[in-house]
Each structure stands twice: as structure tokens, then as C-alpha cells.
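A.B. asks: The structure under discussion is supplied below as C-alpha cells; questions concerning it will follow.
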Amino acid sequence: MTNRRSFLKGLGALPASTMLASETGFAQGIERDHFSDIGVKPFINAAAAYSALGGRNMWPKVVEAMEYARERNVIMEELQDAVGKRLASLIGCEAAMVTGGATSSMTLGTAACITGTNEELIRQVPDLRGMKNEVIIQKSHRYSYDHGVRSAGVQLIEVETAEELERAIGDKTAMLFFFFLNDAKGQIKLREFAALGKKHGIPTLIDGSNSVPPLSRLSEYLDAGFDLAAFSGGKGLRGPYSSGMLLGRKDLIEAARLNNSPHADTVGRAMKVSKEELLGMLAAVEFSLSFDYSVENVRETRIVHLIADKLSVYKNITTKVSYPRTESGRPHLQIFWDKSLTPLTVEQAQKELEDGEPSIRTCYLALSDGELEVGAAMLKDDEVDMLVQRLGQVLAPRAG
Ligand SMILES: *Cc1c(COP(=O)(O)O)cnc(C)c1O
């Protein structure tokens, strides 16, 4: 390990072009093993682009755009204006803004429905005394991320039927909220829900976070009648991890922006987005629109079947390809073993894979069918053999 002084001396000896390359971070090879320097252990991601596992990897075009922005100074409001306009025209919606993620979009969208453009009310959020402070949601649409809505200070009013929803609407109702993934679970379906908002003049917001790809989803919910839609930038769109979009009605996007950074006395000041992320989000949408996502699907399908094929040499292991609801139709592989030969629970098998060398992460039980399950979205081609080898070792027949 070189000390700082010899490192600096070394830099002085480098030709200018090499210095530039190392400063942009695209130099050949690893100059510093940052994770191991601080004792953080990387792992093979045989699960999915879960937020807790670091999300999706950014498109190289996104990193390029962020690097471009890093070198240049612009007025943040002007940039948000221009990026918003470009996004709206690419997506085909009235207005758009970049946020710190789908959750942030939900807080800002909710705040917008409460305050409009009234600056006094904006300063007061999340203390909603004397203001509209209720958001109506179907009971079956309650989930962990509705905290993003509650962050604006509102109470969630739970209903089950359209009749109940209409009865719950009153002076205090700021917004109606819908979670796309639970459409099938609720009695009020997506279009009917949006229509009820229209009928009563109450704005509707949908969390469409990880429903992209297909890219058509970006406009689909708005076309179905929703006033606002929230999306993640760091998932299928492969933009910056801490980016997202709020799309929809122009007046509401304007109000959401007034509730946001760079305005200091706002709820959104805690969710600021950098100029690099703003431009990165735009680059992600541009590139994703031009990208043939079937290529990803073909690759993941091939890898999942390859894993199944390679595992078939282990007589005590069987596999099944599945398409979990939470993963927008991506193929996953469920892995079963003869419990009488290998008396391991799924949790124990996961733990052994995580603790091994290299560390391997598989799908969360809560997001799978409760079996050991792997996905290929984040798995590299050259990691397949290691994964198969470790699965074979961990699940090998052993004495109870
Ligand atoms: C990831 C996720 C979110 C949060 O999105 P962020 O962009 O990370 O804030 C919300 N809802 C669902 C269903 C998600 O999967």
C-alpha cells in the first residue's frame, strides 16, 4: 500500500492523459480496492435489483451524462425545467420532474395535492393543522412504501369498496392513492379508482415504481386517468440509485416542485437531487426508450435455464422456472432439494451461501414463493459456474 506522499509524487510523474483517465474513474484496472479498504465485502447478486442490495446497475450512458454534469455549473431550477420538459415530451405526458426516487415522488405528489402553489401552506407541511390532511387508500393497497405518502403529514383512510370510498371523501380529502402491484387484490380496479377521483374532483396518485419495463407503463397509468404517477429511476430504468420521477398534471407538478429543493423551507428539501442525477435520470429514460428490453429477457431466460441444466447433475436437487409478480415477468429459478438427504431450511441454505466465499445472495423469501430462488438480472455470465458450484456444495447430501 502506498502512502499519500508517494501517491502524490507518482501522480506528478504521470502524463496528462493518464491523469485525466484516472480522474474520470475509467482508468484500466482497479487503482484502489475501495470496498476491501474499508472492510465491506462484495457479493454475487443471484437475487434481483433489490434496493437493499444496491439496486440496478446504471447504464454506461447514465454515468457519461453524470460525468458531463459534474464538470459544468447550471442553475438547478433551469435544469429541472429543461429536464422536465424533455422527459414529458419523450414520455408523452403533460409534465414531469426528477425526484429522489419513487418514494420521494409520493411525498412530493401528496404535498402538492395538499398545498397547491400556496407558499404559506408549503412552509407548514408536514404539520397539516387547518389543511387537507387525509389520503384515501384501499385497505389491500397498504404496504411499507406508503410511508412516502404519510411523510407529507397525512392520515391514510382505509376503504374497501367504491361505495365506502365515495362516503369517505370530504373537505379533508387531499388525494386518492393506488399501488399498481395490488390492483388484483383490491375491489376497486385501477381505471375505476382513477375515475372516482375525477368524479369527485380529487387528485389521484399511483405508485408505479418498479413496473418499468415495459416503458409504455410511464404513460399508461396517466392515460388510464391518474393525475400523478411515481416511478423509480434506479430500478428497470437503470438511472441513478437515488433518482425517480413524478409525472402528470402540469399544475400539480408545479406545486410539487415548489415543495421541493432548492426551495429551503419545504418537505422536499430533505430529498434533494444533484445536477448529475437530474441529467442521469434523463439519460436513463432516453437510453431505455431506445433499448430493446427483450435482449435482457433473452439473456436472463438463457441464464436461468443454464443454471437449471447445470444443477441437473445433482440428483437430490430439482428446479422450476417461475415468474414472480414482483419482478415484472422476469424469469427466476426455484431450487428444491431432498430434505431427507439434506436437512436444511431455506433460511439455513441462504445463510451458508451468504457466509461462503464468495458470498452469494438469493431472492428474499418474502418476495419469492418461499423457496430458494435465484434471478439473473444482476448475475453476470461468468458468475454462473461459481453459483452452481456453491449450490451443489451447500445442498450436498449430509447427515442430519
Ligand atoms: C422500490 C419500490 C418503491 C420505492 O422506490 P424508490 O425509487 O426506491 O424510492 C416503491 N414501491 C415499490 C413497489 C417498489 O418496489
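The values are calculated or read from the model by the stated rules, or taken from the named source; none is laboratory data. Because the structure is predicted, anything quoted here is derived from the model rather than measured. Using ideal geometry, Cβ is built from the backbone for each residue, glycine included, and neighbour counts are taken over all protein chains shown. Please note that ligands, DNA and RNA were not included when accessible areas were found on the heavy atoms of the full protein model with its side chains. Shrake-Rupley method; radii C 1.70, N 1.55, O 1.52, S 1.80 Å.
A.B. asks: Please enumerate the residues belonging to segment 80-105 that are in contact (Cβ under 8 Å) with a residue 40 or more places away in the chain, open to solvent by 30 Å² or more (accessible area, probe 1.4 Å) and away from the ligand (no atom under 16 Å from the Cβ).
C.D. replies: ARG86, LEU90, GLY92, GLU94, listed by residue number.
A.B. asks: Within segment 211-245, how many residues are open to solvent by 40 Å² or more (accessible area, probe 1.4 Å), under 11 Å from the mean Cα position of the chain (by Cα) and at pLDDT below 95?
C.D. replies: 1
A.B. asks: Moving to a separate point now. Among the residues of segment 188-205, write down those that are open to solvent by 20 Å² or more (accessible area, probe 1.4 Å) and either within 16 Å of the ligand (Cβ to nearest atom) or under 20 Å from SER144 (Cα atoms) (or both).
C.D. replies: Within segment 188-205, LEU190 is the sole residue that qualifies.
A.B. asks: What residue, of GLY280, GLY208, is crowded, with 19+ Cβ neighbours inside 10 Å and more than 22 Å from ARG150 (Cβ to Cβ)?
C.D. replies: GLY280
A.B. asks: Which number in (1) within 16 Å of the ligand (Cβ to nearest atom); (2) within 26 Å of MET131 (Cα to Cα); (3) among the aromatic types (Phe, Trp, Tyr) marks the one condition that PHE180 misses?
C.D. replies: Answer for PHE180: the failing condition is (2).
A.B. asks: So LYS275 clears everything in (1) closer than 17 Å to LEU79 by Cα; (2) in contact with a Phe, Trp or Tyr (Cβ under 8 Å, 6 or more places away or on another chain) except one condition, right? Which one?
C.D. replies: Result: LYS275 fails condition (2) only.
A.B. asks: Restricting to segment 240-260, count the residues that are within 16 Å of the ligand (Cβ to nearest atom) and more than 14 Å from THR103 (Cα to Cα).
C.D. replies: Of the residues in segment 240-260, 1 are within 16 Å of the ligand (Cβ to nearest atom) and more than 14 Å from THR103 (Cα to Cα).
A.B. asks: Take LEU108 and tell me if it is of a type in the set (A, V, I, L, M, F, W, C), assigned to a helix (DSSP H, G or I) and farther than 24 Å from THR173 by Cα.
C.D. replies: No.
A.B. asks: Ok, one more. Tell me which residues, restricted to segment 360-379, are surrounded by fewer than 14 Cβ atoms within 10 Å (Cβ to Cβ) and either modelled with pLDDT of 95 or more or of a type in the set (D, E, K, R) (or both).
C.D. replies: Residue satisfying the conditions is ASP369 alone.
A.B. asks: Inside segment 145-231, counting only helices (runs of 4 or more DSSP H) that do not spill past its ends, which hold 2 or more residues that are touching a residue at least 60 places away in the same chain (Cβ under 8 Å) and of a type outside the set (Asp, Glu)?
C.D. replies: 217-223
A.B. asks: Is there a residue in segment 124-143 that is in a helix (DSSP H, G or I), touching a residue at least 24 places away in the same chain (Cβ under 8 Å) and among the β-branched types (Val, Ile, Thr)?
C.D. replies: For segment 124-143, residues in a helix (DSSP H, G or I), touching a residue at least 24 places away in the same chain (Cβ under 8 Å) and among the β-branched types (Val, Ile, Thr): absent.
A.B. asks: With respect to VAL267, is the statement that it is buried (at least 21 other Cβ atoms within 10 Å of the Cβ), within 16 Å of the ligand (Cβ to nearest atom) and within 20 Å of the chain's Cα centre (by Cα) true?
C.D. replies: Answer is no for this residue.
A.B. asks: Under 6 Å between Cβ atoms, which residue pairs at least 6 apart in sequence (or on different chains) link something in segment 312-323 that is closer than 15 Å to VAL394 by Cβ with a partner that is in a strand (DSSP E or B)?
C.D. replies: ASN316/TRP337; ILE317/TRP337; THR319/LEU333; THR319/ILE335
A.B. asks: Still on this structure, I have one more. Does GLY280 meet the test of being within 16 Å of the ligand (Cβ to nearest atom) and assigned to a loop (DSSP other than H, G, I, E, B)?
C.D. replies: Judged against the criteria, GLY280 is not a match.
A.B. asks: When residues of segment 29-79 are filtered for being open to solvent by 50 Å² or more (accessible area, probe 1.4 Å), within 16 Å of the ligand (Cβ to nearest atom) and farther than 30 Å from ALA264 by Cα, how many remain?
C.D. replies: 1
A.B. asks: Among the candidates VAL83, VAL74, single out the residue that is closer than 23 Å to ALA256 by Cβ, in a loop (DSSP other than H, G, I, E, B) and assigned by TED's automatic domain parsing to the domain that holds VAL285.
C.D. replies: VAL74
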